[in-house]
Structures are given as C-alpha cells and as structure tokens.
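Peer 1: Can you keep this structure in mind? I'll have questions shortly.
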Amino acid sequence: MTAKETIQQGKAILGIEFGSTRIKAVLIDDENKPIAQGSHTWENQLENGLWTYSIQAIWDGLQDCYASLRNDVKTQYGIEIENLAAIGISAMMHGYMAFNKKEEILVPFRTWRNTNTSKAAAKLSELFNFNIPLRWSISHLYECILDGESHVKDIDYLATLDAYIHWQLTGERVTGIGDASGMVPIDPNTKDYDEEMVKKFDALVAPKGYPWKLRDILPKVLVAGQEAGKLTEKGAKLLDPSGLLKAGIPMCPPEGDAGTGMAATNAVRPRTGNVSCGTSSFSMIVLEKNLSKPYKSIDIVTTPDGAPVAMVHCNNCTSDINAWVNIFKEFQEAMGQSVDMHKLFEVLFKVGAKGDADCGGLMAYNYFSGEPVTGLNEGRPMIVRSPNDKFSLANFMRANLYGAVAVLKIGNDILFKDEKVAVDRLTGHGGYFTTPEVGQRILAAALNLPISVMKTAGEGGPWGMALLASYLVNSEKHQSLADFLETKVFAGNKGTEVKPTQEEVDGFNAYIESYKKGLEIEQAAVKYKE
C-alpha cells in the first residue's frame, strides 16, 4: 500500500508530542515508517516566578501543528486526512495542572522546569523512603498545601500536560504508566500507584480536611497496548477545527516524553537505555533489579509497559549552545552574510570536535534554570576560564558541548560506578546528536560507554508516540512491547555505534573534576544576581 492509499483508507497512525520548544506531529504507515509531519514552535513564559504555558497556547499550538501536518499531506499526496487507525498524545512529563469540577484550571500550568518545591520534595522523600524529585506532580501538589494555596480544596482532577490533552480529546481521565510514574511512585508488581505511599500521603494531609483523597484526583494508570478511549466529536473539533477529521478513532494511553524516547530508540528491555539531549537532557536505563538505596539525583520511573527505569534528569542541556550559536548568527548578519542555521550549527559542532580533550581548561555552565542534581535552585549561564587557559573557538565550542552533558555524567556515575548497573546498548537521540558523530562521541567519552545513534533519532518523541499508538492496533496477541519494537519496527537495526578513546575519556574526566570544583562559582553567581 502506498502512503497515499494508507492515508485515504484511514490506516495511518498519528503521534503528537508537546516538547519544550516545539510541538511536533508524525504520521506513520502500517509499517511504522514516517510519511508526513507537522510542527509548531512555542515558548514557555516566566510568570510570577514560575515557568508556564497558557491554556490558549496549548490549544493554539495543537491546532497549528495539526494544520501543518494536514498541509504536508496535501502538498505530498494531494489529499486530506479524514480518518486514522490510532492516535497517541505525548508531552513533557511532570508538572502541575489542577482543575475544578467545571474543568477550569485553578492556577497556571506549572511545568517540569519549576524548582520551587524543595520543601515538599524533601518531606515526601523522607516519608516514602523514595526519591521524590522537585518536578514531580506530587511535589507540586504538596508544596501548594505547605504554602497554603487556597485552590487546593477545589481540585477535582490533577493532570500532566499529556493527560490533560488526552482528557479533552477523549473524555477519559487516564495516563500511561510511564507518565504516571512522574506523578506518584509506581508499584512495578501492581502496575499502579504505590498503594502504601498513597495511604501515607492521604494520612499526611488528612488534618487539612480536603474533600478529596489522592486517588480521587489522579488519572487512572494504563500500560502500553491498552485502549485509552476514543476521539470524541468534541475532541475531533479541538484537534482539527476544519471538521474533516472523524470521531471514534482509538487512542492509546498518553505518555511522557521519557516513554516515547524509550520507544523511539528501542530501549524498553532490561539492560538497554537511551539518552535524550535537547532543551533538557535525561538518561533512561531499564533495570534488571532495584537499586540498593534511594539517590537524590536518580529518579525511578517506568517504561511504557511498566518495567522499572533509573532516570537521571537534567533541567538544562542545549539552550546555552543555542544562545551562543545565535550570537554567531548575529555576527554573520552584521557582516552582511546570509545565515543557514543548520549549516552554522554543523560547522560550530565540528569545530568543537577539534578542541583539546580537556577543552584547554575552559568550563561552561549551561544553567538557564536550577539543576537539582548539582543542588542549584536557580541558574546563571556562564563561561569560566583563567588567563592561562587555551582560549580558542574549538575549545570554546567543546566546553559548551561538554557542559551540555556534564550534569548527566555526574548522575550516571552513581549508576555505573556505585550501583554497577549493566547496559548492553545505550542509544542517543535529540538535537544534540543532529551533527553526525560529534555529540555522540562526546557523550561516549562522558559516560565511558559506546553510544549508538539511529537514523530515526531525528524523528524522536512524536515518532515514538506513534509507535505506541501502532502497538495498540498492530501488535499480535500477547506480544510484548519489546518484541513488537524489535520485530515490527527496528528489525535488528541497532544504529551506528561510537566507542570513546582513552584520551577522550581522560579529557572529559579532567574537565568534570574542574567542573565540580567550579560549582561554587555558579552558586556565587546565583547569590550575587538574585
């Protein structure tokens, strides 16, 4: 069947993901290959000290992204999308969206990027004997309670971004287990919220006399392969205001961007993992057994089918690189030259690849926001050097490339050195890996592990979400998600692997030791410029 016939017959599958800076849609055929895409660019806003996106921006963004997809289909195939085999919605994990009985949002959406929940996270981590990160939904909820916010008593539903959008499209208050694991800890045996922790939380807040219990306001947990409702008439109009898209399309459980990254890199089996490097970065290692104890810098989440995963999440990754590349863009424009941004990124990344293994002594702190792994509630981007350092463009760019994954290394050293976690395959994806081999080689040096990158890495989360929707309708009976991905999607393709040299590993280790000592400079900058 051709791509055009697939779309005409309603056999295409749609995945949509809300990233930090881009909403992207990918349409795939029945062989799980991308056949069309659309996108919409958006930005978070800092309002009253908290990072947010407005409800209007969410729906405007979704509709513009879908319209962009429709346009791509019309341009390529000369037809309209009227029906689909399945749809999946994904978004940035964590955060806080609280709604009342009228489905009105009670306070502006608080994203994963906010780090104002330290009191709550510390208290809950102690109560549960489980690391509860600052950005998790339960941390945001309890911080609102500690701070005496009046809206808490009116909460009827507490959702993440993808759970909210899915709810509006289907009427179902559900979410995928991977996304749910960034709200409240999951019991891997029951594939549901940890009942003991739920009871402890309810007991903790009982004196407040709220009219709800925790389970009353949380989405129901579903695993990959379960149907999560169908697109309603209202939902179809919300997604496609033109009215061409039909209601009744099956929808898979919505997922967080961590889960879609695992699907997109074929990393849902134990001893596999993936590293996503974009606006933020995170590594996901599927565990064979539980860690020996909780670690503040390691989150325990799950794959989309419920296996435990050790996640090192870093709030900052490529934003500062992007900011510096824009400076070079302005320079080119000032020189009267036209600018090809793709070429500019490629050239600067390749220049960075030629820098000294230790960056000539330069250090880059890419902290646009706070970084819990290194204990910073706020960030100040900066370059640090001494007069005798080798200050060159190559070392400058290499330091920024190192800085983008430095915190990731600090967190993963616990897994590989202290916990002796074994990994057979680690796959990178995201914008950091767009220029062939450069980011891949630097991450390999940072983690002292071979890193694979697939040709599909650029498709990223929305493609991974489409794969999870495909698993809903195209998998064989009792076929596991890992087997479906291995046989139906990747067919043995493990990507292109890069192994680090000893010189590269030693160079990054020298950099990271200086970097850790220099964190006092970053702390002082935060304190100085409050």
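The values are calculated or read from the model by the stated rules, or taken from the named source; none is laboratory data. Predicted model, so just to flag it, every value in this text is computed and none were measured. Here the Cβ is made from the backbone with ideal geometry for all residues, glycine too, and neighbour counts use every protein chain on show. Surface accessibility is based on the protein's heavy atoms, side chains included, excluding ligands, DNA and RNA. Shrake-Rupley method; radii C 1.70, N 1.55, O 1.52, S 1.80 Å.
Peer 1: Which one is nearest to residue 409 (Cα to Cα), of the residues in region 469-481 that are in contact (Cβ under 8 Å) with a residue 40 or more places away in the chain and open to solvent by 10 Å² or more (accessible area, probe 1.4 Å)?
Peer 2: In this case the residue turns out to be 480.
Peer 1: Considering only region 393-408, I want to know if a residue exists there that is in contact (Cβ under 8 Å) with a residue 12 or more places away in the chain and open to solvent by 50 Å² or more (accessible area, probe 1.4 Å).
Peer 2: Checked region 393-408: at least one residue is in contact (Cβ under 8 Å) with a residue 12 or more places away in the chain and open to solvent by 50 Å² or more (accessible area, probe 1.4 Å).
Peer 1: A further question follows. Identify all residues within region 429-466 that are of a type in the set (Gly, Ala, Ser) and closer than 17 Å to residue 485 by Cα; write none if there are none.
Peer 2: Answer for region 429-466, where residues must be of a type in the set (Gly, Ala, Ser) and closer than 17 Å to residue 485 by Cα: 452, 457, 460, 461, 464, 466.
Peer 1: Go through the residues of region 8-15 one by one and say whether even a single one is open to solvent by 10 Å² or more (accessible area, probe 1.4 Å), in contact with a Cys (Cβ under 9 Å, 6 or more places away or on another chain) and more than 16 Å from residue 464 (Cβ to Cβ).
Peer 2: Looking through region 8-15, none of the residues is open to solvent by 10 Å² or more (accessible area, probe 1.4 Å), in contact with a Cys (Cβ under 9 Å, 6 or more places away or on another chain) and more than 16 Å from residue 464 (Cβ to Cβ).
Peer 1: Mind checking which residues of region 135-156 are touching a His at 6+ places or on another chain (Cβ under 9 Å) and part of a loop (DSSP other than H, G, I, E, B)? Let's see the steps before the verdict.
Peer 2: Taking region 135-156 as the starting set, the residues that turn out to be touching a His at 6+ places or on another chain (Cβ under 9 Å) are 135-137, 139-140, 144.
The answer is 135, 136.
Peer 1: Another question about this same structure. Is at least one residue of region 308-320 within 23 Å of residue 431 (Cβ to Cβ), in a helix (DSSP H, G or I) and in contact (Cβ under 8 Å) with a residue 24 or more places away in the chain?
Peer 2: Here is the first cut: in region 308-320, the residues within 23 Å of residue 431 (Cβ to Cβ) are 309, 311-320.
Checking the rest, the ones that are also in a helix (DSSP H, G or I) come to 319-320.
Within this subset, residues satisfying the condition of being in contact (Cβ under 8 Å) with a residue 24 or more places away in the chain are 319-320.
Scanning region 308-320 turns up at least one residue that is within 23 Å of residue 431 (Cβ to Cβ), in a helix (DSSP H, G or I) and in contact (Cβ under 8 Å) with a residue 24 or more places away in the chain.
Peer 1: Consider residue 125 carefully, then state whether it is buried (at least 19 other Cβ atoms within 10 Å of the Cβ), within 30 Å of residue 293 (Cα to Cα) and at pLDDT 95 or above.
Peer 2: no
Peer 1: Here's another thing I want to ask about it. Working only within region 170-182, note down all residues that are in a helix (DSSP H, G or I) and either touching a Cys at 6+ places or on another chain (Cβ under 9 Å) or more than 21 Å from residue 156 (Cβ to Cβ) (or both).
Peer 2: 177, 178
Peer 1: Can you find even one residue in region 345-354 that is crowded, with 20+ Cβ neighbours inside 10 Å and either in a loop (DSSP other than H, G, I, E, B) or without any contact (Cβ under 8 Å) to a residue 60 or more places away in the chain (or both)?
Peer 2: For region 345-354, residues crowded, with 20+ Cβ neighbours inside 10 Å and either in a loop (DSSP other than H, G, I, E, B) or without any contact (Cβ under 8 Å) to a residue 60 or more places away in the chain (or both): present.
Peer 1: Looking at region 266-278, is at least one residue assigned to a helix (DSSP H, G or I), on the phi > 0 side of the Ramachandran plot and surrounded by 16 or more Cβ atoms within 10 Å (Cβ to Cβ)?
Peer 2: Checked against the condition, which is being assigned to a helix (DSSP H, G or I), on the phi > 0 side of the Ramachandran plot and surrounded by 16 or more Cβ atoms within 10 Å (Cβ to Cβ), region 266-278 yields no hits at all.
Peer 1: Residue 115 fails exactly one of the following numbered conditions: (1) among the β-branched types (Val, Ile, Thr); (2) open to solvent by 10 Å² or more (accessible area, probe 1.4 Å); (3) closer than 21 Å to residue 378 by Cα; (4) free of Cβ contacts under 8 Å to residues at least 60 places away in the same chain. What is the number of that condition?
Peer 2: (4)
Each row is one residue, and each column tells you yes or no for (1) more than 30 Å from residue 344 (Cβ to Cβ); (2) modelled with pLDDT of 90 or more.
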site	(1), (2)
425	yes, no
442	no, yes
447	no, yes
456	no, no
471	yes, yes
487	yes, yes
490	yes, yes
523	yes, yes
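Peer 1: Give just the number: which of (1) open to solvent by less than 40 Å² (accessible area, probe 1.4 Å); (2) of a type outside the set (Val, Ile, Thr); (3) touching a strand residue (DSSP E or B) at 6+ places or on another chain (Cβ under 6 Å) does residue 291 not satisfy?
Peer 2: (3)
Peer 1: Residue 368 versus (1) within 19 Å of the chain's Cα centre (by Cα); (2) surrounded by fewer than 22 Cβ atoms within 10 Å (Cβ to Cβ); (3) part of a strand (DSSP E or B): which is the lone unmet condition?
Peer 2: (3) is the only condition that residue 368 fails.
Peer 1: Residues being in a loop (DSSP other than H, G, I, E, B), in contact (Cβ under 8 Å) with a residue 40 or more places away in the chain and surrounded by fewer than 17 Cβ atoms within 10 Å (Cβ to Cβ): count how many of those fall in region 210-225.
Peer 2: Qualifying residue count for the region: 1.
Peer 1: Moving on to the next point. From the residues in region 227-246 that are surrounded by fewer than 15 Cβ atoms within 10 Å (Cβ to Cβ) and in contact with a helix residue (DSSP H, G or I) (Cβ under 9 Å, 6 or more places away or on another chain), which one is nearest to residue 85 (Cα to Cα)?
Peer 2: Only one residue fits best here, namely 244.
Peer 1: For region 94-112, check the following and say yes or no: at least one residue is of a type outside the set (A, V, I, L, M) and farther than 30 Å from residue 170 by Cα.
Peer 2: Checked against the condition, which is being of a type outside the set (A, V, I, L, M) and farther than 30 Å from residue 170 by Cα, region 94-112 yields no hits at all.
Peer 1: Taking region 504-530, which residues are of a type in the set (Asp, Glu) and exposed (fewer than 12 other Cβ atoms within 10 Å of the Cβ)?
Peer 2: Result: 513, 520, 530.
Peer 1: Here's something else I'd like to know. Just wondering, is there one or more residues in region 178-194 that are among the aromatic types (Phe, Trp, Tyr), closer than 19 Å to residue 301 by Cα and open to solvent by less than 30 Å² (accessible area, probe 1.4 Å)? Step through it out loud before you land on a result.
Peer 2: Going residue by residue through region 178-194, those that are among the aromatic types (Phe, Trp, Tyr) are 193.
Right, trim to closer than 19 Å to residue 301 by Cα and you get 193.
Now drop any that are not open to solvent by less than 30 Å² (accessible area, probe 1.4 Å), which leaves 193.
Yes, region 178-194 contains at least one residue that is among the aromatic types (Phe, Trp, Tyr), closer than 19 Å to residue 301 by Cα and open to solvent by less than 30 Å² (accessible area, probe 1.4 Å).
Peer 1: Hey, can you tell me all the residues within region 32-47 that are touching a residue at least 24 places away in the same chain (Cβ under 8 Å) and either open to solvent by less than 20 Å² (accessible area, probe 1.4 Å) or over 19 Å from the mean Cα position of the chain (by Cα) (or both)?
Peer 2: Scanning region 32-47 gives 32, 34, 35, 36, 37, 38, 47.
Residue-wise test of (1) closer than 19 Å to residue 120 by Cα; (2) part of a strand (DSSP E or B); (3) touching a residue at least 24 places away in the same chain (Cβ under 8 Å).
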residue	(1), (2), (3)
158	yes, yes, yes
184	yes, no, yes
189	no, no, no
245	no, no, yes
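Peer 1: Where in region 47-103 are the strands (runs of 3 or more DSSP E), entirely inside, with at least 3 residues that are in contact with a helix residue (DSSP H, G or I) (Cβ under 6 Å, 6 or more places away or on another chain) and modelled with pLDDT of 95 or more?
Peer 2: Numbers: elements: 50-52, 86-91, 97-99.
Ranges flagged: 86-91.
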